[in-house]
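Structure first, then comments.
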Amino acid sequence: MPQSFLARAGDRLTGGPGRVPGVDVARGIAVLGMFTAHVGVTSDDLGTLSGWLSVAHGRSSILFATVAGLSLALVTGRDRPLDGHALATARSRLLVRAALLLALVAALDLLGTRVYLILGFYAAYFVLALPFLRWPPRRLLVLALSVALVGPVIVYYGPELLTRLGLRLPHDGSGAVTDFLLTGHYPALVWMAFVLAGMAVGRSDLRSAAVRTWLVVGGFGMTVVAGVVSAVMVAASGGRAAVEADLARTSSEASGLNLALDGAWPTPAFLWLGGPHDDTTLEALGSGGFALGVIGLCLFVGRIGSRVLAPLAAVGALALTVYSAQIVAIWYWTAFHFDLLQPETNVPLAVVTVLSLVAATAWRALLGRGPLERLFARVATRTFPGPDREPDHDRAREPEPTGSPRP
């Protein structure tokens, strides 16, 4: 019997059978968090709304990267990784998506919105993740932790060493690889820790209550521990202002001087910082743990929650489209009305958030996939056709109710 219009719209709105709703919800939180970081008014006073909104700084983009890793695992077999021709096809399609992301971010960059665009770095993360698509969760977690421990040291001292050796840091496309890995705003030598951690989650049994609980308890526990360690060690170093003053004096880039190899080097005290975009081990552990905790909570959503939180999940399902539309909106309003990146109140944030929720919900209910998501999938599928259609992003076996055995 044919489904009614409302039934079809309801199925599209919840993603249909097999979709993991918690992943969409987590991605939706990340997207709206990035809205907050871009156009929100925030403060350090946690007794106010603006203080709570400051939680979005740094953490929302890290949550986005972690969910990206989780999605990579889902579309390549979840807890049973693809192999053979199916894996080769999936890898090829991911390369196509990476190329499309580079083209999209190049177009968005032309608008000159002053927003640090993460999509180009995502393209690099997808490519770097290709060799690890068949790794089991434990190996992925070990590698993620290794990147979180070693990567920040390389990102901190690497550019300084290159400069003192008289080498040129990237200023144009010729140095794109160096920028993606080392010197950019989202350096892969740190940020791949989040992608790999997300892949480890996606390779786990998402129907397991134990997995979800460990994500919540372990993730938020790691956030607390990293925050306490950072606070104690930074205070012992004289406070954040003293650490940054030392960096300004001993860093070639910060001081604008051509410092010598045998001169004073930045002290390791900077590595104890754990704030947004510090790209330190403590930020990686703290904000990465926060992302895992949020994902764990979202995985508890279940069928009822997928309906209640359908607007938020719709933003997550249309994340690429909504993110890109946000950049266009920032450009338009800044060019023709007022600087949306320097608002006086959180009214613009509220308007952008509500419009995004309503528009994404309506589009998903009526048409399903977002326009950019549909375009990327179609190009990837037609470029590398296979026996199966391009899998819907994050489509996998839907988690059963808590405690249900595996079939």
key: Packing-based order for 250-258, 371-379, 309-317, using average beta carbon neighbours within 10 Å, highest first   = 309-317, 371-379, 250-258
message = Taking the Kirkwood radius as the inverse of the mean 1/r across Cα pairs, report the Rg/Rh of the range 256-395.
response = 1.10
query = In degrees, nearest 10, range 0 to 90: what is the angle between the Cα axis of helix 84-109 and the longest Cα principal axis of the chain?
reply = 60
task = Would you mind checking the tilt of helix 347-367 against the longest principal axis of the Cα atoms of the chain, expressed as 0 to 90 degrees and rounded to 10?
result = 30
query = If we sort 264-275, 340-351 on the protection proxy, mean other Cβ atoms within 10 Å, highest first, what's the order?
reply = 264-275, 340-351
task = Would you mind putting 86-92, 142-148 in packing order, based on average other-beta-carbon counts within 10 Å, highest first?
result = 142-148, 86-92
key: Cβ-Cβ FRET estimate between Val232 and Ser4, R0 fixed at 60 Å, reported to 0.05   = 0.50
Packing-based exposure ordering (other Cβ within 10 Å, fewest first) of His185, His85, His57 = His85, His185, His57
task = For the chain, find the longest principal axis of its Cα atoms and tell me its angle to the long axis of helix 59-75, 0 to 90°, nearest 10.
result = 50
query = When the Kirkwood radius is taken over all Cα pairs of the range 238-277, what Stokes-Einstein diffusion coefficient follows at 20 °C and 1.002 mPa s, in µm²/s?
reply = 199
key: Three-way shape label, the range 1-90, alpha-carbon gyration tensor, a/c 1.5   = oblate
message = Skipping prolines and chain starts, which residues have an amide H placed within reach, meaning under 5 Å, of the one on Arg19, given they are 5 or more residues away or on another chain?
response = Ala396
remark   = Quick numbers on the chain, Rg and Dmax over C-alpha atoms in Å, give 21.5, 79
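Coordinate-derived values only; no laboratory data. In this text, all values refer to a predicted model and were calculated from it rather than measured experimentally. With ideal geometry, Cβ positions are generated from the backbone for all residues, glycine too; neighbour counts draw on all protein chains shown.
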